[in-house]
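The values are calculated or read from the model by the stated rules, or taken from the named source; none is laboratory data. Only a predicted model underlies this, so the values are computations on that prediction, with no experimental measurement involved. Cβ atoms come from the backbone with ideal geometry, glycine included; neighbour counts cover every protein chain shown.
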Amino acid sequence: MGDAAARRDAADRFRAHAAARFGDDAAGFAEGQWWVQNAAAALPARLFGDVAGKTIADLCAAPGGKTAQLAHAGAASPRSIVRPIA
């Protein structure tokens, strides 16, 4: 199985798990309206400390959860920079 097929397979298995775990509450997951972020991914925004009024570039962005956390913490203009990996 190639990398792309393995990623699709993993995503399909996760979607099935989310649907089984959350039932109707999983609506919108397959369409990308929401996603699950693990606890480790939430750490970077917290490690910055007080970000109120600061400009921060999230260079490891996609789908943007850390950037959303930075915006919620008061960052003046958080930016997501996404570059596809070939």
Residues within the stretch 1-20 that are of a type outside the set (Asp, Glu) and surrounded by 11 or more Cβ atoms within 10 Å (Cβ to Cβ), tallied: 9
Of all residues making up the stretch 37-59, the number that are assigned to a loop (DSSP other than H, G, I, E, B) and loosely packed, with under 12 Cβ neighbours inside 10 Å: 7
The stretch 37-53 residues that are aromatic (Phe, Trp, Tyr), paired with ones that are part of a helix (DSSP H, G or I) (beta carbon under 9 Å, 6 or more apart): 48/70
Those residues of the stretch 65-86 which are surrounded by 12 or more Cβ atoms within 10 Å (Cβ to Cβ) and modelled with pLDDT of 75 or more, in sequence order: 65, 66, 67, 68, 69, 70, 71, 73, 74, 75, 76
Residue in the stretch 63-73 that is of a type in the set (Ser, Thr, Tyr) and either free of Cβ contacts under 8 Å to residues at least 24 places away in the same chain or part of a helix (DSSP H, G or I) (or both) present: yes
